[in-house]
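S.K.: Supplied in structure tokens, the structure appears directly below.
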Amino acid sequence: MKRRAVFAMVLAGLGLAAWAGRAPLGSMMMERAIASRAGQDLTAGLPDGLHVVLCGTGSPLPDPTRAEACTLIIAGQTLLVFDAGDGAARNLGRWGVPLGRVQAVFLTHLHSDHVEGLPPLALQRWVGGAATTPLPLIGPPGVEQLAAGYTMAFTADAGWRTAHHGAAIAPPSGAGMSGRAVAPGLVWDQGGVKVTAIEVNHAPVVPAYGYRIDYKGRSVVISGDTGASAALEQAARGADVLVHEALQPRMVAMMTAALEARGRANTAKITRDIIDYHLSPEQAAAAASRAGVKTLVLSHIVPPIPNPYFNAAFLGDAPNKYDGPIIVGRDGLMLSLPADGGPLREKMIN
Ligand SMILES: [Zn+2]
Ligand SMILES: [Zn+2]
């Protein structure tokens, strides 16, 4: 009893001392944290291979733990971003992704939750790498207008960045974005990396794409937003990883009922509408099984689930539809496929 009391007093004393010294201690801890994080490069020391970083696993529904759609692919020395929704660039910057080295952004489609993060991504890539050409956007028709519109909207901002930091850091020719519309098929073939666009099913968004990425015998397929798609299953055949969107209709129906009960008819109509152009976890699992992919990763999680405790409820019957591992995606998860064909490795980087 006595010993416990002494221990409690010592603890309280230490707590008081820490609180009293919060200015110098806080500065010291900040200095250490900054020294270890500022300017760090996530890619330094990564083994050769195909790496998938989930930089946005959310949807337009607000989720405090998930940015909107974003997947980063690191293939050897190549950095490619697939979609950049709101919050995506912030995630990538926080994790030490050298955005100055991003070679292109591939857009699955032009829904706002897939493109809202482009302006900060373009800015960080521009000044991070003193880029002399605008950020290339590759995607379905309409991508040229999107790039031109964003570039125009940020003209004043770009001018001020150059005026402030100088043309050596922010070369005027590298500001903004350039769009290149592509048809389904092989759309990138550089540095041993091949990217193939696949037309998926997200009507009335036509066309909408998924992408397959191949590098040194390893492969990743990103579904984009899609309902059932035989073309995607065909293209995903035998892939190491399928990153598939997922919406749990049972949970979305709960939202619809709650919205209707509160008289929010407009929003309830939207939550009812979205069910038919996304796949449930069970349907995504069945598609992964038919395609024979080795690992299924769910992303674009709808509705927002508060923490991993709810993964099982979100997945429902999915584990019975697919033999392989199913990962419910979280922002900051990195999956690595070594070039030598070794096993998939997972790690959190946030
Ligand atoms: Zn969409
Ligand atoms: Zn979406």
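The values are calculated or read from the model by the stated rules, or taken from the named source; none is laboratory data. These numbers were taken from a predicted model, which means no experiment stands behind them. Every residue, glycine among them, receives a Cβ derived from its backbone with ideal geometry; neighbour counts consider all protein chains shown.
S.K.: Looking only at strands (runs of 3 or more DSSP E) that lie completely in segment 1-99, which have at least 2 residues being within 16 Å of ligand 1 (Cβ to nearest atom) and at pLDDT 95 or above?
M.R.: Per the criteria, 70-75, 78-84.
S.K.: Would you mind telling me which numbered condition in (1) modelled with pLDDT of 95 or more; (2) more than 20 Å from G329 (Cβ to Cβ); (3) part of a helix (DSSP H, G or I) L110 fails?
M.R.: (3)
S.K.: Are there any pairs, at least 6 apart or on different chains, whose C-beta atoms fall under 7 Å, with the first in segment 316-342 and touching a residue at least 60 places away in the same chain (Cβ under 8 Å) and the second small (G, A, S), and if so, which?
M.R.: Sorted first by the residue in segment 316-342, then by its partner, the pairs are G329/S299; D331/G56; D331/A67; S336/G49; L337/G49; P338/G49; A339/G49; G341/G217.
S.K.: Another one. Considering only segment 245-255, I want to know if a residue exists there that is under 15 Å from C70 (Cα atoms), of a type outside the set (V, I, T) and within 16 Å of ligand 1 (Cβ to nearest atom).
M.R.: Here is the first cut: in segment 245-255, the residues under 15 Å from C70 (Cα atoms) are 245-246.
Filter once more, keeping what is of a type outside the set (V, I, T): 245-246.
Those still in the list that are within 16 Å of ligand 1 (Cβ to nearest atom) too: 245-246.
Yes, some residue in segment 245-255 is under 15 Å from C70 (Cα atoms), of a type outside the set (V, I, T) and within 16 Å of ligand 1 (Cβ to nearest atom).
S.K.: So which residues in segment 59-85 are within 16 Å of ligand 2 (Cβ to nearest atom), surrounded by 24 or more Cβ atoms within 10 Å (Cβ to Cβ) and of a type outside the set (G, A, S), if there are any at all? Full working, then the answer.
M.R.: Filtering segment 59-85 down to residues within 16 Å of ligand 2 (Cβ to nearest atom) leaves 59-63, 66-71, 81-85.
Keeping just the survivors that are surrounded by 24 or more Cβ atoms within 10 Å (Cβ to Cβ) gives 59, 66-71, 81-85.
Across segment 59-85, the qualifying residues are R66, E68, C70, T71, V81, F82, D83.
S.K.: So the check is Cβ under 9 Å with 6+ separation or different chains; which pairs have a first residue in segment 102-119 that's among the acidic types (D, E) and a second one that's more than 12 Å from ligand 2 (Cβ to nearest atom) and in a helix (DSSP H, G or I)?
M.R.: Correct list of pairs: E116/A88.
S.K.: Are there helices (runs of 4 or more DSSP H) fully within segment 259-344 with at least 3 residues that are surrounded by 15 or more Cβ atoms within 10 Å (Cβ to Cβ), of a type in the set (A, V, I, L, M) and more than 22 Å from the chain's Cα centre (by Cα)? List them.
M.R.: none
S.K.: OK, next. For the list (1) among the aromatic types (F, W, Y); (2) within 16 Å of ligand 2 (Cβ to nearest atom); (3) farther than 17 Å from R330 by Cα, I need the number of the one condition that W126 fails.
M.R.: Going through the list (1) among the aromatic types (F, W, Y); (2) within 16 Å of ligand 2 (Cβ to nearest atom); (3) farther than 17 Å from R330 by Cα, W126 breaks only (2).
S.K.: Now for a separate question. Is there any pair with a first residue in segment 213-239 that is at positive phi and a second that is more than 16 Å from ligand 2 (Cβ to nearest atom) and in a loop (DSSP other than H, G, I, E, B) whose Cβ atoms are under 6 Å apart and which are 6 or more apart or on different chains, and what are they?
M.R.: K216/A339; G238/G292
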